[in-house]
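Worksheet: one structure, shown below.
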Amino acid sequence: MDDLFITGKKILERLQEAGFDAYFVGGCVRDYKMGREINDVDITTDALPEEVESLFENTVDVGIEHGTVIVVLSGIPFEVTTFRVESEYTDHRRPDSVAFTKELAGDLERRDFTMNAMAMDSEFKLIDPYAGLEAIKNRSITTVGLPDERFDEDALRILRAVRFKAQLGFTIDQETVRAMERHAGHLRHVAVERSLVELKKTFSAGHMDGVKSLMVRTGIKKNLPFIKEVDDNAFMSTNTFSFITGMGLQIYLNESLMEYAPDLKLSNAEKKEVKEIVCVFRDLEYDKQVKTISYNYNYDTLENVRKLVNTNRFSRKLEWNSILGEALEMKPSLPIQHISDIDIDGRELMRHFEARGGRWIREVFAVLEHEILFNLLPNEKTKILEWMDMHVEFEEGNIKLT
């Protein structure tokens, strides 16, 4: 039995001792029955959030208005949520209201897919009113109740179906697929941030065969920010291993897509990653020197572009793969890894030239960076100062190289 369940069982037992019902629920039960790694364990109970908080020393309010409290036990966080039923979803994103209930059946009835609508008690006995275990055995993704109702309530469930197909390699039930197509337009109502979470999980999964074509065929693709602007054939014919690397590849193939990238509200780190992937491809196309490529980008970026080159069709595939391999191999032995590694700083330059700071400092560092990188100048302060005395003339805030 997984350690998370062993620890989580103590929470169930404490709730039961206090007179409440409590169960493991959702994805952890599904993954347990599939023999998959358990990353987190969710618990559902008829205890109200305030009652849960009163029973445990270490709790965190994360969504108490929706019935969720984090209970931290042995350093492990567990989401404990009160049984709840939901009203209509008039905006296709979230319920208009949430009501707590005393019945586990009502809580399971509101869930998205039958494989996620299973629970286990403290003795690990399965409660499976919607034949979720059978769906797992049949490797089928099927909604709880009518798929049209589930997707009309929350269109994000359409993306979750796609994600589970990619993660588990399951087949989506045909009636469910047809309902996805009928309700794909509601994806426009889903917050970009929520969609992006599902897309990242989908594109990093291991069973992408047929996933992209499904997204095109059902109209999912044309209702998602950025992706809807990508040509269908380019979308389906390219191979990627993450959503962000896929973005970089598509923008390289069609630079006009860059104007739609802000629609996804990426983090600054993700924006930088996309930009650098595009830049590496352009450097390869424009025959930049291997050492320049090695120096300008980090290991992860170079390795990601190399994977993209290896898994997609490029006329210079062998050549680019060789260049990237060489760039990765030489990176540890470069004389500097970053401009900050140069053995002199701006204050020392100002003292040497007896001058105030200004744009000239950046210009000098750019020249030094090139000279040191290409082994034309040792990265030693005394040598750098000697070189500047010979090659740099400074006058009235301007520099001249000789």
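The values are calculated or read from the model by the stated rules, or taken from the named source; none is laboratory data. Here the structure is a predicted model, which means the values were calculated and not measured. Heads up, the Cβs are rebuilt from the backbone with ideal geometry, glycines too, and the neighbour counts pull from every protein chain shown.
Annotations
- For region 270-310, residues that are within 22 Å of Ser333 (Cα to Cα) and touching a Lys or Arg at 6+ places or on another chain (Cβ under 7 Å) total 2.
Every residue, every condition in (1) in contact (Cβ under 8 Å) with a residue 12 or more places away in the chain; (2) assigned to a helix (DSSP H, G or I), yes or no:
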position: Ile244; (1), (2): yes, yes
position: Met247; (1), (2): yes, yes
position: Tyr260; (1), (2): yes, yes
position: Glu273; (1), (2): yes, yes
position: Cys279; (1), (2): yes, yes
position: Ser315; (1), (2): no, no
position: Gln337; (1), (2): yes, no
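- Taken over region 3-28, the residue count meeting the criterion of being exposed (fewer than 14 other Cβ atoms within 10 Å of the Cβ) and in a helix (DSSP H, G or I) is 4.
Residue-wise test of (1) in a helix (DSSP H, G or I); (2) touching a residue at least 24 places away in the same chain (Cβ under 8 Å); (3) more than 28 Å from Tyr130 (Cβ to Cβ); (4) among the acidic types (Asp, Glu).
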{"position": "Arg30", "(1), (2), (3), (4)": "yes, yes, no, no"}
{"position": "Ile38", "(1), (2), (3), (4)": "no, yes, no, no"}
{"position": "Thr44", "(1), (2), (3), (4)": "no, yes, no, no"}
{"position": "Glu50", "(1), (2), (3), (4)": "yes, no, yes, yes"}
{"position": "Ser54", "(1), (2), (3), (4)": "yes, no, yes, no"}
{"position": "Glu57", "(1), (2), (3), (4)": "no, no, yes, yes"}
{"position": "Val60", "(1), (2), (3), (4)": "no, no, yes, no"}
{"position": "Ile70", "(1), (2), (3), (4)": "no, no, no, no"}
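One line per residue, one yes/no per condition, for (1) assigned by TED's automatic domain parsing to the domain that holds Val192; (2) surrounded by 22 or more Cβ atoms within 10 Å (Cβ to Cβ); (3) out of contact with any Lys or Arg (no Cβ under 9 Å at 6 or more places or on another chain); (4) part of a loop (DSSP other than H, G, I, E, B):
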{"residue": "Tyr130", "(1), (2), (3), (4)": "no, no, no, yes"}
{"residue": "Asp148", "(1), (2), (3), (4)": "yes, no, no, no"}
{"residue": "Phe151", "(1), (2), (3), (4)": "yes, yes, no, no"}
{"residue": "Leu159", "(1), (2), (3), (4)": "yes, yes, no, no"}
{"residue": "Phe164", "(1), (2), (3), (4)": "yes, yes, yes, no"}
{"residue": "Gln167", "(1), (2), (3), (4)": "yes, no, no, no"}
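- Just one of the numbered conditions (1) in contact with a Phe, Trp or Tyr (Cβ under 7 Å, 6 or more places away or on another chain); (2) of a type in the set (Val, Ile, Thr); (3) modelled with pLDDT under 90 is not true of Ile38: (3).
- Qualifying residue in region 84-95 (condition: modelled with pLDDT of 75 or more, in the same structural domain as Asp21 (by TED's automatic domain parsing) and more than 26 Å from Thr176 (Cβ to Cβ)): no
- Verdict on Lys291 being under 27 Å from the mean Cα position of the chain (by Cα), assigned to a helix (DSSP H, G or I), surrounded by 14 or more Cβ atoms within 10 Å (Cβ to Cβ) and not assigned by TED's automatic domain parsing to the domain that holds Lys200: no
- Residues located in region 193-211, provided they are over 21 Å from Lys272 (Cβ atoms) and in a loop (DSSP other than H, G, I, E, B): Ala205, Gly206, His207, Met208, Asp209, Gly210
- Test: residue in region 212-232 that is modelled with pLDDT under 95 and either more than 20 Å from the chain's Cα centre (by Cα) or assigned to a helix (DSSP H, G or I) (or both): no
- Verdict on Lys201 being in the same structural domain as Glu175 (by TED's automatic domain parsing) and more than 30 Å from Ile339 (Cβ to Cβ): yes
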